[in-house]
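Following: one structure in structure tokens, then a few remarks.
Readers should treat all values here as calculations from the given coordinates under stated rules, not as data from a laboratory. Source: prediction; values computed, not measured. Virtual Cβ from ideal backbone geometry, glycine too; neighbours counted across all protein chains shown.
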Amino acid sequence: MGSEDLTTRPSPDGPGGEPGTDGTDGADHTDGTALADGAERIDHADRTDHAERTDHTGPGGSGPGAEVVAEGLGLKGPRGWAFRDVSFRAGAGALVALEGPSGTGRTCLLLALTGRMKTAEGRAEVGGLPLPRRMAAVRRIAALGQVPGVSELDPSLTVAEHLRERALLQRRFDGSVRALLRRPGTRAAETRARIDEALAAAGLDLAALPKGERTSVRDLERLEALRLSIALALMGRPRVLGVDDTDLKLSDADRAAAWALLRSVAAAGTTVLAVCSEAPADALRITTVAAAPRGDERAPEAADDEDDITEEGADDALAETGRA
């Protein structure tokens, strides 16, 4: 697949359906003098912020992964607690399994630790950034694979269209003005290299797909879709990778392959948070369970509805995040 396949072909379903999402860079249509003048006005704070967003670990990255710390962490939805009393410490580059039955707040915990949901009690830090106060900063260093209702693949798009769209978004919203001033050929080569790097890290072989890069997401096997979602996340070279439903609907062989993939991502330096129903023995296991709230001596059936940890509370909190 040549570089033009993922960087220059028109994409009718580009972000927002706006002109200029065809893989060419918007800077090409802007007065060069104005861009050059704008580049000169970038102050030190902007450059520091850009470095924070781009110089991360991960496949091909150069920085460290992010340590994740939680102490007494809890999140409450409209109809009750999604989870409470979560405490752990995971070093940079760790493989963390958020284990538990469906409806026990696993996905809410994942979204909270990646800066997508605001917790109600306790404290947490990701890469030294406190949550929930620095949620936006955490989102810049933490990427999500596929999370139903929050970050999903579009079944009507092809693999190539997903990759092209993500590369375009990455270049326009996570790049510096100086990067926009580079020659189109240089930008295309850098984009192609970043895509190839992410595909290799995710173990996704485009040639092995039914129709190659033109395979629709709806035609992908579950493991292939998981690999694609991880590849898209890794294109931003995050310090933290979050993956939901890691072992859902996978055969034993595919489950083993999925965990092998996440181990390799963690070994490359990226901290991995993976939601699952059954964690592997070598992962740091964090179990979420439906339980009575702290200090409640009454039987579960006598506890107040608003204080219970409920499946409805987790579902409502997740739905609110999806709408946001």
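Structural remarks
- Backbone HN-Hα couplings from phi across the stretch 142-150 [Karplus 6.51/-1.76/1.60, Hz, Gly and Pro as x]: 10, 10, 10, x, 6, 10, x, x, 10
- J(HN,Hα) series, the stretch 249-254, from Karplus relation 6.51 cos²θ - 1.76 cosθ + 1.60, nearest Hz, glycine and proline x: 6, 10, 5, 4, 5, 5
- Neighbourhood net charge (10 Å Cβ-Cβ; Lys/Arg +1, Asp/Glu -1) for Pro148: -3
- If you take all other residues with their beta carbon under 15 Å from the beta carbon of Phe88, and give Lys and Arg +1 and Asp and Glu -1, the sum is 0.
- The Cα center of the stretch 183-229 and the Cα center of the stretch 59-122 differ in position by 28 Å.
- The stretch 66-169, Rg to Rh (Cα coordinates; Rh as Kirkwood inverse mean 1/r): 1.01
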